[in-house]
Structure formats: C-alpha cells, structure tokens
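As structure tokens, the structure follows; a few thoughts come after it.
The values are calculated or read from the model by the stated rules, or taken from the named source; none is laboratory data. Given the structure is predicted, the values throughout are model-derived calculations rather than measurements. Note that we place each Cβ from the backbone using ideal geometry, even for glycine, and neighbour counts take in every protein chain shown. What goes into the accessible areas is simple: the full protein's heavy atoms, side chains included, and nothing from ligands, DNA or RNA. Shrake-Rupley method; radii C 1.70, N 1.55, O 1.52, S 1.80 Å.
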Amino acid sequence: QVQLVESGGGLVQTGGSLRLSCAASGRTFSYYAMGWFRQAPGKERQFVAGITWSGDITYYADSVKGRFTISRDNAKNTNYLQMNSLKPEDTAVYYCAARRGSLVTSALYDYWGQGTQVTVSS
C-alpha cells in the first residue's frame, strides 16, 4: 500500500507559479512511476505529467509542455510538479498518482492522492 499526500496548491494570478509536492509513504517509493493528473469542474480527469521510477524519463501533456516540470527525490519519497506561466485554463484539482511499473499517460495508476486545488485568476 502507498499513501500519497499532495500539497502546494492555492490561488495564483495568470503568469504566476506554484510548486506542488506529493509525499509518499508505505511501500518503496522508488519502485513506482509517478504521475500528475488534473480535473476541472465538469471535465474528465486528464494526464498532466509523469516520471519514471528512476527519474530519467519524463512525459508531459502538450498543454503544459514547456511550462511544467516534474521531478522526484526518492530519498525524500517525494515528487514535485513545478508549474510556471500559469493560465486560467490550468485551474483544476491536481492529483498525484503512483504506479508500479512503466510510466503511462492513462489513468491506470494503482494509488491516488486526495488532490489539491489550483486556481489561476485572470
């Protein structure tokens, strides 16, 4: 079992930055690929960014490429999502997810956090 707790969400103006953190506990964090997803009101949950267990490969949705950066610190059992140049359309609840095995962009993750709200004002 892996428990995931997100933090770092909040209200920011257009063009601002936030850094989300996802702290993991339970099974060995370093064996899990990690992903970030988001869900806006009335919309489906969508993949935002992902990173392999070793941190050597990352993948981003086209909508955030060049603005968001995912990283991880296996020694701290934490992964991060640095979000820059935020836009109102980035407003959503952001979820951290863990998956034993390869990085995927679908929602086929084994464990999910409770989510953290990100609101970007125009």
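Students sometimes get this wrong: rank Tyr94, Tyr111 by accessible area, probe 1.4 Å, all chains present, largest first.
Details: Tyr94 0, Tyr111 45 Å².
Correct descending sequence by accessible area is Tyr111, Tyr94.
Based on C-alpha pairs under 8 angstrom that are at least 6 apart in sequence, the chain has a relative contact order of 36 percent. In a fully extended conformation the segment linking Arg100 and Gln117 would gain 3.6 nm over its present Cα-Cα distance, using 0.36 nm per residue.
Rolling a 1.4 Å probe over the protein chains gives Tyr59 an accessible area of about 120 Å². The listed residues Asp73, Asp56 rank as Asp56, Asp73 when sorted by accessible area, largest first, using a 1.4 Å probe.
Taken along the Cα-to-beta-carbon direction at a fixed 7 Å, the label points for Lys65 and Ala107 span 2.4 nm.
For Lys65, the accessible area of its heavy atoms, probed at 1.4 Å with every protein chain present, is near 110 square angstrom. Taking amide H positions as modeled 1.01 Å from N, with prolines and chain starts lacking one, the residues under 5 Å from Lys87 and 5 or more places away or on another chain are Gly15.
If the cut-off is a Cα-Cα distance under 24 Å, which lysines reach Lys43, setting aside same-chain residues fewer than 8 apart in sequence? Here the lysines satisfying the reach criterion relative to Lys43 are Lys65, Lys87. Only aspartates and glutamates eight or more places from Lys76 in sequence, or on another chain, were considered; those with a Cα closer than 19 Å are Glu6, Asp56. In terms of accessible area, using a 1.4 Å probe and ignoring ligands and nucleic acids, Val5, Val48, Val104 rank largest first as Val5, Val104, Val48.
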